[in-house]
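These notes are about the structure you will find just below.
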Protein chains: 4
Amino acid sequence: MKKAKSQEKAEQSKEHIVLVAMRLFSTRGYHKTSTQAICDEAGISTGLLFYHFGSKENLLKSIVKMTLSKIDETLEHNGEEDPVQLLENIIDAFFDSLKENSQYWDLYMALLYQPDTKAQIVEEVSEHSTKFRRRVFELMEKMGRKDPAGDSFEFEVFRVGSFASYLANHNEKLLIQARKKIKERYLNL
Amino acid sequence: MKKAKSQEKAEQSKEHIVLVAMRLFSTRGYHKTSTQAICDEAGISTGLLFYHFGSKENLLKSIVKMTLSKIDETLEHNGEEDPVQLLENIIDAFFDSLKENSQYWDLYMALLYQPDTKAQIVEEVSEHSTKFRRRVFELMEKMGRKDPAGDSFEFEVFRVGSFASYLANHNEKLLIQARKKIKERYLNL
Amino acid sequence: MKKAKSQEKAEQSKEHIVLVAMRLFSTRGYHKTSTQAICDEAGISTGLLFYHFGSKENLLKSIVKMTLSKIDETLEHNGEEDPVQLLENIIDAFFDSLKENSQYWDLYMALLYQPDTKAQIVEEVSEHSTKFRRRVFELMEKMGRKDPAGDSFEFEVFRVGSFASYLANHNEKLLIQARKKIKERYLNL
Amino acid sequence: MKKAKSQEKAEQSKEHIVLVAMRLFSTRGYHKTSTQAICDEAGISTGLLFYHFGSKENLLKSIVKMTLSKIDETLEHNGEEDPVQLLENIIDAFFDSLKENSQYWDLYMALLYQPDTKAQIVEEVSEHSTKFRRRVFELMEKMGRKDPAGDSFEFEVFRVGSFASYLANHNEKLLIQARKKIKERYLNL
DNA sequence: CATGAATGAGTGTTCATTCAT
DNA sequence: GATGAATGAACACTCATTCAT
């Protein structure tokens, strides 16, 4: 019981560190955030961070893993319904996540386009995005679209464009408009 | 004349450093490229880089400025033609640039999504992209599109999506397909 | 207790660095003493100096603070006696300190007459010297001197002159003579 | 004739540099003043400074030499008069110089109390101050003072004290008062 | 679990000086 | 005389990481 308690505490501590680190990484940049700054902000000692995560690099991977699994949960939280409704749910989930996990997506973009950090996270990330692309393709097939491959390609480009545009300056109007446009184009046949 | 010679040499030296720096920044990442590494690779002394550019940050700005002005030249090298043709030229120029100045665009994405580097280049960059967006909007108007605002918005999102997708893994096929799609959608009424 | 031990060790480490730094600053000059030289001489790593003091400038301030507080202790270690005896004690304390803390006073003069270092220490120093001047004035009043203001002014000029002259070439005879003269003039009415 | 002209021009150029350098050295500090800053301020090229002076160290020596010889001129500009009048003239010349060549004396103090710069100027300076001390001693003898050695020692300590006190904070009142006190003590028997 | 003193390689930058023109 | 591009050693400082307690 004691162990369980201590473990739980450790988990809380780890999650707390992850949250603080994500905030700092996304607002200051990964390379501009020192491990010391994370420790200070999280109110822990230098040693504890390395006890839990081993390295700064590994802390970064933990952030990505933890956040992606949370987002996955949201995406998969769907009862089975008709494909159009499903795709709309996915679109909404993604665009909602963009605002809710804004910090994460900021970090995500930063990491993905820097050679050194990209190498660290590419594994965790690529699996996730492949799964997502396949999902959309399947839904478009079920929806009876003539060119599901072409359409899902277009869809993905548009989705990435929405993300990249929004994250470049956090313009909310852009986000609303993009969501509307993407629904118009790919939900109605 | 003597002065001209010496100035010319200095200009060459500066441009050489800029080129080397761009290559290293884009392949290794800005923060992972030391000024020393740039000097070594360029075959110059530590001091010369700072003599010419003053700081690493300023070197970065110089890269962005120099490249953007080159790209601008290409975009504006248009005789007057009908708007459809002009838009196609712009699309081609942009997608060509993506391959030709691939290094620059890699760097561009990395810089734009990192808070610290973004701050450094935002001024130089935003002017450029605003000008480009306005241009597309005007062309769409001239083409007689019903909703030039909505269409140019879509166009921009799609263009950004193409860029972001391509630069994430340098998949050439994706680029070809995206160019084709964007032409289909926005060149034919 | 454990904490106390570790803190104590840290305090020793800091004091050791201060002592080494003072020696090097005073013998080589502040600007000619690199932080690395201090670390080497003190047998510590580069990082530790900055861990404890944050900057070279702050190390300098710590030296001044620490030494001034030591000297203050000596000056104030007086039982209550008649003003003449008190003034003599103060004169002796000051002239003794000049020999005992010779390194500090060398540094003090160097710092005080350089614009950049002066700015760093002026705060710590001025308070100390004001307090001292006031003390002498009060004693001269108690001694019943006719012009305590004029006399304490003269006294201060003479004291500063003794210091400056001695520290310019470390001539011991000069110091003995100056101490004798100052006592003759300001202790006897 | 042409040569003379060119030489004259060179002398002007050299003197100009010396003046600029003295100003910068005294206001920013010797070590905090880069040769480049001097060149910029003087409106000359990097090379010219080194063409004229060979090194920063040598520029410093030139400043000291040039200024001391100017001050010497002032001190020696005396018709022969009675010793009391002569001493008063010397006192006045020195205290006037303190205000007129304030920049030089600031620099002088800074240099004299820093080990590295002291080594550079000690030769030029010590000769000058020895000569001055001897002069005062001789005058006190002629004035018929009982203890010319002791008095001239006191005088020197007081003079140095006045200088050091004034230069520590450039308090004009202090200077006036000190001049008055020194005349009272050593001009009247 | 947790602390924080200690490490040392690495960073961007400065600066006196040289030299071809 | 005069220029200014070029040099390279030195510098203050940072930071991920370790380890004794």
Residues hit by the 30 Å² burial cutoff in the stretch D:113-147, accessible area with a 1.4 Å probe, assembly against chain on its own, are D:Tyr113, D:Gln114, D:Pro115, D:Asp116, D:Lys118
Taking a label point 7 Å from the Cα of A:Glu184 along Cα-to-Cβ, the residues of the stretch B:132-155 whose backbone nitrogen sits under 12 Å from it are B:146-155
Excluding residues fewer than 8 positions from D:Lys181 in its own chain, the aspartates and glutamates with Cα under 13 Å of it are C:Asp147, C:Asp151, C:Glu154, C:Glu156, D:Glu88, D:Asp92, D:Glu154
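Give me the inter-chain shielding for D:163-170: mean count of other chain Cβ atoms within 10 Å, whole number please.
Going residue by residue through D:163-170 and averaging, the value is 5.
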Residue-normalised 222 nm signal for the protein assembly as shown, counting each DSSP H run of n ≥ 4 as -39,500 (n - 2.57), nearest 500 deg cm²/dmol, is -28500 deg cm²/dmol
For chain D the mean separation of alpha carbon contacts under 8 Å (6+ apart) over residue count, i.e. relative contact order in percent, is 21 percent
In this structure, among B:Lys65/B:Lys118; C:Lys99/D:Lys65; A:Lys65/B:Lys99; A:Lys183/B:Lys173; A:Lys61/A:Lys118, pairs with alpha-carbon gaps over 21 Å are C:Lys99/D:Lys65; A:Lys65/B:Lys99; A:Lys183/B:Lys173
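Residues of D:104-112, mean number of Cβ from any other protein chain within 10 Å of their own Cβ, rounded to a whole number?
That average works out to 4.
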Of all stretches in chain A that avoid GluC sites (Glu not before Pro) placed in a DSSP loop and having at most 11 other Cβ atoms within 10 Å, the longest is A:82-189
Expressed in angstrom and rounded, the centroid-to-centroid distance over alpha carbons for the stretch A:91-113 and the stretch C:16-55 is 47 Å
Share of accessible surface on carbon and sulfur in chain D, whole %, 1.4 Å probe and ligands ignored, is 49 percent
Pseudo-spin-label distance A:Arg134 to B:Lys99, built 7 Å along Cα→Cβ, given in nm, is 3.1 nm
If unit charges are put on Cβ atoms (+1 for Lys and Arg, -1 for Asp and Glu) and the dipole of chain C is taken about its Cα centre, the option from C:Leu75, C:Ile91, C:Gln7 lying farthest towards the positive end turns out to be C:Gln7
Listed by chain and number, the aspartates and glutamates with an alpha carbon less than 20 angstrom from that of C:Lys56, same-chain partners under 8 positions apart left out, are C:Glu11, C:Glu15, C:Asp40, C:Glu41, C:Asp106, C:Asp116, C:Glu123, C:Glu124, D:Asp116
With label points set 7 Å from each Cα along the Cα-to-Cβ direction at C:Thr35 and A:Tyr51, the distance between them in nm comes to 2.9 nm
Whole-Hz Karplus couplings 3J(HN,Hα) for the stretch A:152-163, θ = phi - 60° and coefficients 6.51, -1.76, 1.60, Gly and Pro as x, run 6, 4, 4, 3, 5, 4, 5, 5, 4, x, 4, 4
To the nearest Å², the heavy-atom accessible area per residue of the protein assembly as shown with 1.4 Å probe amounts to 52 Å²
Which of A:Arg23, A:Arg134, A:Arg159 fluctuates most in a GNM of chain A (C-alpha springs under 10 Å)? That residue is A:Arg134
HN-Hα couplings for the stretch D:134-139 via Karplus (6.51, -1.76, 1.60; θ = phi - 60°), in whole Hz with x for Gly/Pro, come out as 4, 4, 5, 4, 4, 4
With +1 at each Lys and Arg Cβ and -1 at each Asp and Glu Cβ, the charge dipole magnitude of the stretch B:64-187 around its Cα centre, to the nearest 20 debye, comes out at 420 debye
Probe 1.4 Å, protein heavy atoms only: C and D together bury a total accessible area in Å², to the nearest 100, of 2800 Å²
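Could you give the C-alpha radius of gyration of the stretch B:46-189 expressed as a fraction of 2.2 N^0.38 Å, taking N as the number of residues it contains? Can you show the working numbers first?
On the way: Rg = 16.7 Å, N = 144, 2.2 N^0.38 = 14.5 Å.
In units of the 2.2 N^0.38 Å rule of thumb, it is 1.15.
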Largest fluctuation, D:Leu75, D:Leu48, D:Leu60 only, Gaussian network model of chain D with Cα springs under 10 angstrom, belongs to D:Leu48
Across B:Ser165, B:Ser152, B:Ser129, the residue with the highest GNM fluctuation in chain B (Cα network, 10 Å cutoff) is B:Ser129
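The values are calculated or read from the model by the stated rules, or taken from the named source; none is laboratory data. None of these values were measured; they are calculated from a predicted model. Quick reminder, even Gly has a Cβ in these numbers, built from the backbone with ideal geometry, and neighbours come from all protein chains shown. What goes into the accessible areas is simple: the full protein's heavy atoms, side chains included, and nothing from ligands, DNA or RNA. Shrake-Rupley method; radii C 1.70, N 1.55, O 1.52, S 1.80 Å.
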